[in-house]
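Everything below concerns the one structure shown next.
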């Protein structure tokens, strides 16, 4: 059963759960579903594999390292997902600000529906704001259709641009993507700490030095990091009306400026009256790390988000520090130089600079 917020025109908030028991698949759907699983098993048997940060193994599929569950989601998106021309996607590499931007995008898109004093985000974790397409597509058996969501639908994904089906990534598609990147040094630290919490207790702990080596070699869930960033960066340069490329550090530095840029791209620009009335500031405040991390739903005894049948993540685990430059507390100078060198080499000639932002 997948759970996420479904905006209602005349209601304050209703958290809609799609009940798999009420979905009765046809024989044809069951056969297609079983064939997909056979295809997945056959595919995994042919792919190179390496050590996963959360699970025993991840597999190299079309240049990117994915868990079996992620590959299953990708196959199902290819076969079953039907985009609408008005769909808007939040695309990120893991730990680049997904939770924050989910809140910002949901609050911006639904600012005419809810009061800031008693907002749905006060009672539901930001990860529940809209579906994480990579896994929500198979949380309902046999497949989630998403037809019940009003337009414009909001989705999140960690998939690299080159892995997306052409129905989403082709220049002719009118779907929009908001891509958020971050200093890879901060990504490494945040991802290691996050994945360590989720790692199966049946597996030995994964050390920081080990994940550091894996990350530098490009081996981590949805990685290599640099290839992931470059894919969306190049696509944004070719189709700026389709992909808005943003940086976590820029949103931290000038949240009001960046939020207005985000809203305009989404086709929901703030009016002069809204700006004068402080709506931009209200959304920034509502979605700030300080506010969200202190809410009961995101603290001890709060809610959780289901990603797979085996993976349920407590809301509190999505909040750590929300700072820029925390890598300085974990990396040696040699480690920093190595990652910066990789970044410089990978991004050379692209026009993109990353990881040079000073601490805020």
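The values are calculated or read from the model by the stated rules, or taken from the named source; none is laboratory data. Note that the structure is predicted; figures quoted are calculated from it, not measured. When we count neighbours, we look across all protein chains shown, and the Cβ atoms used for this are built from the backbone with ideal geometry, even at glycine.
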The residue that is nearest to the chain's Cα centre (by Cα), considering only those in the range 159-185 that are part of a loop (DSSP other than H, G, I, E, B) and crowded, with 21+ Cβ neighbours inside 10 Å, is 159
Could you tell me whether any residue of the range 244-255 is without any contact (Cβ under 8 Å) to a residue 12 or more places away in the chain, farther than 23 Å from residue 347 by Cβ, more than 17 Å from the chain's Cα centre (by Cα) and assigned to a helix (DSSP H, G or I)?
-> no
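From the list 176, 191, exactly one residue is in contact with a strand residue (DSSP E or B) (Cβ under 6 Å, 6 or more places away or on another chain) and in contact (Cβ under 8 Å) with a residue 60 or more places away in the chain. Which is it? Reasoning before the result, please.
Numbers: 191 fails: in contact with a strand residue (DSSP E or B) (Cβ under 6 Å, 6 or more places away or on another chain).
None of the other options fit; the residue is 176.
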Residues located in the range 45-67, provided they are over 21 Å from residue 228 (Cβ atoms) and either modelled with pLDDT under 95 or under 24 Å from the mean Cα position of the chain (by Cα) (or both) = 56
Considering only the range 86-120, how many residues are under 19 Å from residue 256 (Cα atoms) and not in a loop (DSSP other than H, G, I, E, B)?
-> 14
Which listed residue, of 150, 142, is modelled with pLDDT under 95, surrounded by fewer than 24 Cβ atoms within 10 Å (Cβ to Cβ) and under 22 Å from residue 269 (Cβ atoms) | 150
Restricting attention to the range 274-290, does a residue exist that is in contact with a strand residue (DSSP E or B) (Cβ under 8 Å, 6 or more places away or on another chain) and either closer than 17 Å to residue 179 by Cα or in a loop (DSSP other than H, G, I, E, B) (or both)?
-> no
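Yes/no per residue for (1) under 14 Å from residue 307 (Cβ atoms); (2) in contact with a strand residue (DSSP E or B) (Cβ under 9 Å, 6 or more places away or on another chain); (3) surrounded by fewer than 23 Cβ atoms within 10 Å (Cβ to Cβ):
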position: 92; (1), (2), (3): no, yes, no
position: 105; (1), (2), (3): no, yes, no
position: 110; (1), (2), (3): no, yes, yes
position: 124; (1), (2), (3): no, yes, no
position: 134; (1), (2), (3): yes, yes, no
Within the range 186-225, which residues are modelled with pLDDT of 95 or more, more than 18 Å from the chain's Cα centre (by Cα) and in a helix (DSSP H, G or I)?
-> 208, 209, 210, 211, 212, 213, 214, 215, 216
Per the filter on the range 321-339, residues within 16 Å of residue 224 (Cβ to Cβ) and more than 24 Å from the chain's Cα centre (by Cα) are 338
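Mind telling me which of the residues 329, 294, 315 ends up being over 30 Å from residue 240 (Cα atoms), at pLDDT below 90 and loosely packed, with under 14 Cβ neighbours inside 10 Å?
On the way: 329 fails: at pLDDT below 90; 315 fails: loosely packed, with under 14 Cβ neighbours inside 10 Å.
Criteria check complete, one pass: 294.
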Would you point out the residue of the range 341-356, among those that are without any contact (Cβ under 8 Å) to a residue 24 or more places away in the chain and assigned to a helix (DSSP H, G or I), that is surrounded by the fewest Cβ atoms within 10 Å (Cβ to Cβ)?
-> 345
Whichever residue in the range 74-85 is part of a loop (DSSP other than H, G, I, E, B) and more than 19 Å from the chain's Cα centre (by Cα) and, among such residues, is nearest to residue 176 (Cα to Cα) = 85
Within the bounds of the range 48-63, is there any residue that is part of a helix (DSSP H, G or I) and surrounded by 15 or more Cβ atoms within 10 Å (Cβ to Cβ)?
-> no
